[in-house]
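One structure is given below, encoded as structure tokens.
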Amino acid sequence: MTILRPRRVKPATVAEVNALAKSPGRHSIGESLILCVSTSGAKSWIARVRDAEGKRRDMGLGPFADLTLAEAREKARALRKTGRDGLPILTRAERRRAIRKIPTFKEAAGIVHDERKGIWSNGKHVDQWKTTMETYAYPKLGHLTVDKIGAAQVIDALGEVWQKRPETARRVRQRIMAVLNWAHAREFRDTQVSNEAVGLGLGPQRESKGNFAALPYVDVAGLLLTLRAKETVGNLALEFLILTAARSGEVRGADWAEIDLDKALWTIPAERMKAGKEHVVPLGARAVEIVKRAQTFQCSNIVFPGHKGKAMSDATMAKALREAGVAREAGTVHGMRSAFRDWISEETSFPSDVAEAALAHTIKNKVEAAYRRGKLLAKRREMMDAWANYCEGGSNVVRMVAG
């Protein structure tokens, strides 16, 4: 293999270098040494060298003021020799990572599990998290260091179970991504694995009988970006449903009399609730904004009107979801409630009773129900604000509140 050498430039003198330091740009000093002068006046030395594979690399040597011309030339010579000798040429960050041991996926998952198990209120969930990773993730990913795992490896790990056990596979996918995001946050990885690429590679799941297909919560932020690209009453209603974790019928039948924008509350009367009990929903900033935007479509007492001002049909939001690129077998309108509930379980320590109250689920145990008569409004508002932040593409790390 022929290794190309950089074009030789006559070495500059100290006086010439000092003169070049006064003009912005990249100035060749000779012997693969470059003086970089920014428009702001900052100056630094750069060595242009070839690594062991013959690839050109520009390596920063340090600030102009910290190195004399002779010292910069000596550093550049040392780097060129390293490349000629077939040794790796590493940046400062790469040297730090080389010294710092990068954990395997199994080791990283164990750390994440230990960090989170103390805040998960459901003991069964703690056990399931570990068991599903051992069964479905570790066989293909466990031995790999976290910096060597990309979308292809995640797809390969989940490929066999993605259609056979869709609900389990979806949860495992979310847990794998949580571990890889943790690794990125701890700087064991330079980049995050593209969740969108993983979804495209796995493809849509078959619709499971008896259950509504649920979009993974990690895909919700991307969905909202797509919905906002085109403002229609259907898109607004669907986003409002996602942010409030409400049922389709509750959103479609929302009446202006139920909305209190000053208090940021939506009070759904008992006759419109599945359980037959009044339900109060705290509205976050974006949910309030959606309601205000819906006023431009106002033609009746319905917040999100359909044909001739009547309540929109269930198909309208389903159509909005399909047009946003979510196939029926990949996610349904009702399944968005599952995405919210999964996020609560996987990523936060919000108590289960607060989550169940937000979903307006019926409590079968009469004794337990007696203790939950309060609306838990303040805690639910905090939880829904955290959910809205996550849906905005905010940090995957949400503030963990005491149970």
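The values are calculated or read from the model by the stated rules, or taken from the named source; none is laboratory data. Just so we're clear, the structure is a prediction, and the values are computed from it rather than from any experiment. In this analysis, Cβ positions are derived from the backbone assuming ideal geometry, glycine residues included, and neighbour counts consider all displayed protein chains.
Scan the range 29-47 and tell me whether some residue there is within 38 Å of the chain's Cα centre (by Cα), closer than 13 Å to residue 90 by Cα and part of a strand (DSSP E or B).
Scanning the range 29-47 turns up at least one residue that is within 38 Å of the chain's Cα centre (by Cα), closer than 13 Å to residue 90 by Cα and part of a strand (DSSP E or B).
Look at residue 52 and say whether it is in a loop (DSSP other than H, G, I, E, B) and under 30 Å from residue 85 (Cα atoms). Even if it seems obvious, please write down each step before you answer.
Working: in a loop (DSSP other than H, G, I, E, B): yes; under 30 Å from residue 85 (Cα atoms): yes.
Yes: the conditions hold for residue 52.
Is it the case that some residue within the range 263-282 is outside the structural domain of residue 171 (by TED's automatic domain parsing), among the hydroxyl-bearing types (Ser, Thr, Tyr) and within 20 Å of residue 322 (Cβ to Cβ)?
Kept after step one, since they are outside the structural domain of residue 171 (by TED's automatic domain parsing), are these residues of the range 263-282: 263-282.
Remaining after also requiring among the hydroxyl-bearing types (Ser, Thr, Tyr): 267.
Pick out the ones that are also within 20 Å of residue 322 (Cβ to Cβ) and you get none.
Checked the range 263-282: no residue is outside the structural domain of residue 171 (by TED's automatic domain parsing), among the hydroxyl-bearing types (Ser, Thr, Tyr) and within 20 Å of residue 322 (Cβ to Cβ).
Anything in the range 147-162 that is assigned to a loop (DSSP other than H, G, I, E, B) and within 21 Å of the chain's Cα centre (by Cα)? List them, or say none. If you could, list the steps in order and put the result at the bottom.
So the first thing to find is which residues in the range 147-162 are assigned to a loop (DSSP other than H, G, I, E, B), and the list is 149-150, 159-162.
Passing the criteria: 149, 150, 162.
Right, residue 17: over 17 Å from residue 90 (Cα atoms), surrounded by 12 or more Cβ atoms within 10 Å (Cβ to Cβ) and either touching a helix residue (DSSP H, G or I) at 6+ places or on another chain (Cβ under 9 Å) or not assigned by TED's automatic domain parsing to the domain that holds residue 89 (or both) or not?
Numbers: over 17 Å from residue 90 (Cα atoms): yes; surrounded by 12 or more Cβ atoms within 10 Å (Cβ to Cβ): yes; either touching a helix residue (DSSP H, G or I) at 6+ places or on another chain (Cβ under 9 Å) or not assigned by TED's automatic domain parsing to the domain that holds residue 89 (or both): yes.
Considered against the rule, which asks whether it is over 17 Å from residue 90 (Cα atoms), surrounded by 12 or more Cβ atoms within 10 Å (Cβ to Cβ) and either touching a helix residue (DSSP H, G or I) at 6+ places or on another chain (Cβ under 9 Å) or not assigned by TED's automatic domain parsing to the domain that holds residue 89 (or both), residue 17 comes out as yes.
What is the number of the single condition among (1) at pLDDT 90 or above; (2) closer than 21 Å to residue 106 by Cβ that residue 168 does not meet?
(1)
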